[in-house]
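The values are calculated or read from the model by the stated rules, or taken from the named source; none is laboratory data. Because the structure is predicted, anything quoted here is derived from the model rather than measured. Positions of Cβ are backbone-derived with ideal geometry, glycine not excepted, and every protein chain shown enters the neighbour counts.
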Amino acid sequence: MNNIISNEAEFERMVNEGIAAIPERFLEKLDNVVIVIEDEPTLLQEKQLHLKKGWTLFGLYEGVPQISRGSHYGSVLPDKITIFRKPILEAARDIKHAKEIVKNTVWHEIAHHFGMNEDEVRQSEARKKRK
């Protein structure tokens with residue numbers, strides 16, 4: 001693994017900075033969701049996502065997107081956004097690049113929480129890069 005940061009606390013600060021970079025109007029609308037950090041995806045997560053050998057997963061949203069919640073939604077565990085530390089640090093060229101990957105991953109997974117599918121998230125990311 002890339003040695004661009006020395007400990008888990010530094011990575012947690014990067015994730016918190018990524019969350020803080022989300023516009024307040026979106027943060028206010030987060031509902032019943034937790035953001036956690038894990039070293040890497042579990043074998044079960046990889047299997048459920050049908051990850052192919054060589055694919056890299058920086059983050060994962062698990063839960064019921066807000067647009068899919070109806071009157072029946074309640075008394076459920078929080079949705080979970082997981083940011084995977086090792087794949088991000090292995091892909092990053094330096095600390096600045098790692099921060100950018102984390103920020104983009106947090107934004108990406110929060111978009112899933114609001115109900116965007118993978119294609120919609122990627123299209124939104126492409127529009128953002130063009131601006």
Conditions: (1) among the charged types (D, E, K, R); (2) farther than 16 Å from Gly18 by Cα; (3) surrounded by 13 or more Cβ atoms within 10 Å (Cβ to Cβ). Asp119 meets all but one. Number of the miss? (3)
Total residues in region 57-78, condition modelled with pLDDT under 90 and either hydrophobic (A, V, I, L, M, F, W, C) or closer than 19 Å to Asp39 by Cα (or both): 4
Residues of region 58-73 being assigned to a loop (DSSP other than H, G, I, E, B) and either surrounded by 20 or more Cβ atoms within 10 Å (Cβ to Cβ) or at negative phi (or both), in sequence order, are Phe58, Val64, Pro65, Arg69, Gly70, Ser71, His72, Tyr73
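Just checking, which of Pro78, Pro87 is touching a Phe, Trp or Tyr at 6+ places or on another chain (Cβ under 6 Å), in contact (Cβ under 8 Å) with a residue 40 or more places away in the chain and over 17 Å from Asn16 (Cα atoms)? Outline the logic, then answer.
Details: Pro78 fails: touching a Phe, Trp or Tyr at 6+ places or on another chain (Cβ under 6 Å).
Testing whether each residue is touching a Phe, Trp or Tyr at 6+ places or on another chain (Cβ under 6 Å), in contact (Cβ under 8 Å) with a residue 40 or more places away in the chain and over 17 Å from Asn16 (Cα atoms) leaves just Pro87.
Looking for whichever is in a helix (DSSP H, G or I), of a type in the set (Lys, Arg) and over 22 Å from Leu27 (Cα atoms) here; the options are Lys99, Lys103, Lys129, Lys86. Which one fits? Spell out the reasoning first.
Working: Lys99 fails: over 22 Å from Leu27 (Cα atoms); Lys103 fails: over 22 Å from Leu27 (Cα atoms); Lys129 fails: over 22 Å from Leu27 (Cα atoms).
From the options Lys99, Lys103, Lys129, Lys86, the qualifying one is Lys86.
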So for region 47-57 (the condition being within 15 Å of the chain's Cα centre (by Cα), crowded, with 18+ Cβ neighbours inside 10 Å and of a type in the set (A, V, I, L, M)), does at least one residue qualify? no
Restricting to region 14-42, name every residue that is surrounded by 14 or more Cβ atoms within 10 Å (Cβ to Cβ) and over 14 Å from the mean Cα position of the chain (by Cα). Asn32
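Within region 1-57, take every residue that is in a strand (DSSP E or B) and touching a helix residue (DSSP H, G or I) at 6+ places or on another chain (Cβ under 8 Å) and give me the one that is farthest from His97 (Cα to Cα). Lay out the reasoning, then the answer.
Let us first name the residues in region 1-57 that are in a strand (DSSP E or B), namely 33-38.
Of the ones still in play, those that are also touching a helix residue (DSSP H, G or I) at 6+ places or on another chain (Cβ under 8 Å) are 33, 35, 37-38.
Details: Val33: 26, Ile35: 21, Ile37: 18, Glu38: 19 Å.
Ranking the qualifying residues of region 1-57, first place goes to Val33.
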